[in-house]
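Here is the structure we will look at.
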Amino acid sequence: MFDARISRWAFWDSHKDHAVLECGTSGENSQTIHAMDSAVLAKGIKPALRRRLDLYGRAAAEMLSRTLQGDDNPHIVFASRHGNLDRTLKLIHQVATDELLSPADFGMSVHNALVGIASINWSITESHTAISAGNDTLISALTETLCQLGDTGGPVILVYIDLVLPEIYQDVELANIHGVALGLRFEQITDDVTRSDTISFSTMPARDAAVSPRDQARSLAHYLQTKNADEFSLIGKSGAWNLIRHD
């Protein structure tokens, strides 16, 4: 069992005709902000860098900006099952049609390119880790985050994002077609932290072959937002975590 704090969190849910951002801190009520589309996301990124970001990058950057605190220098775990497929698909089309590759799209198609932009923008010099593990992407990212927190002392910020797949891949898309992004700031327990701010994480033997990391992210955000349930299980294809919030 491992005890930690999720001191700040943010969740962005992109529906077909609107997007909603929910965010909160430990011990306080959450805040809901509507109409959080690409035009208003990632305002914390300098304009010269922000122009390089599409919706994928801006949504992920917004999660980081909502979970950063002051001038701190966190470790970052960046997770996405599919990455920025819109840019990747554009590059594949350019190769197939013998067009010149776009240097901007090529650079920003790298799985963790957004973290590089964020590191420059916020002068983050600590290490970051990129995770892509199929249905277990969020489970694996949480495992890596807790390991880093125990090893480095934190803080560690977990950012997960997956958008709707391009139309050509719609036949493999799950029923849940919303794009989502989740940001979680993890900190170790200190003497000045009340027990009510503590979440205990323990592994479970449960398995779910049909799990969706997007559904997991939405359920985890709901758990943090409502504070109605003390216990929550995040079940993956090859492992699971059980969370217990202390009153």
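The values are calculated or read from the model by the stated rules, or taken from the named source; none is laboratory data. Because the structure is a prediction, the values reported are computed rather than measured. Positions of Cβ are backbone-derived with ideal geometry, glycine not excepted, and every protein chain shown enters the neighbour counts. The area values use the complete protein model at the heavy-atom level, side chains included, leaving out ligands, DNA and RNA. Shrake-Rupley method; radii C 1.70, N 1.55, O 1.52, S 1.80 Å.
Charges on Cβ only, +1 for Lys and Arg, -1 for Asp and Glu, centred on the Cα centroid of the chain; of Ile131, Ala79, Ser109, which one is farthest towards the dipole's positive end? Farthest along the dipole direction, towards plus: Ser109. Counting only Cα atoms, the size of the chain along its three principal axes is 59, 41, 35 Å, in decreasing order. At a probe radius of 1.4 angstrom, the accessible area of the chain per residue rounds to 47 square angstrom.
Of the Cα atoms belonging to the range 119-189, the radius of gyration and Dmax stand at 14.9, 46 Å. Rg and Dmax over the alpha-carbon atoms of the range 207-247 stand at 10.7, 33 Å.
For the pair Thr125 and Lys237, the difference between a 0.36 nm per residue extended length and the Cα-Cα distance amounts to 37.0 nm. The Cα-based radius of gyration and maximum Cα-Cα distance (Dmax) for the range 69-127 are 14.6, 47 Å.
Could you give the dipole magnitude of the chain about its Cα centre, charging the beta-carbon of Lys and Arg +1 and that of Asp and Glu -1, in debye to the nearest 20?
That gives the chain a dipole magnitude of about 340 debye.
Its convex hull of Cα atoms gives the range 1-102 a direction-averaged projected area, equal to a quarter of the hull surface, of 9.8 nm². Phi angles across the range 130-142 convert, under the Karplus curve 6.51 cos²θ - 1.76 cosθ + 1.60 with θ = phi - 60°, into 3J(HN,Hα) values of 9, 10, 9, 9, x, 5, 9, 4, 6, 4, 5, 5, 5 Hz, Gly and Pro given as x.
Of the peptides 1-12, 207-218, 91-102, the ranking by mean beta-carbon count within 10 Å, highest at the top, reads 1-12, 207-218, 91-102. Between Phe106 and Asp171, the simple label model (points 7 Å from Cα in the Cβ direction) yields a spacing of 3.1 nm.
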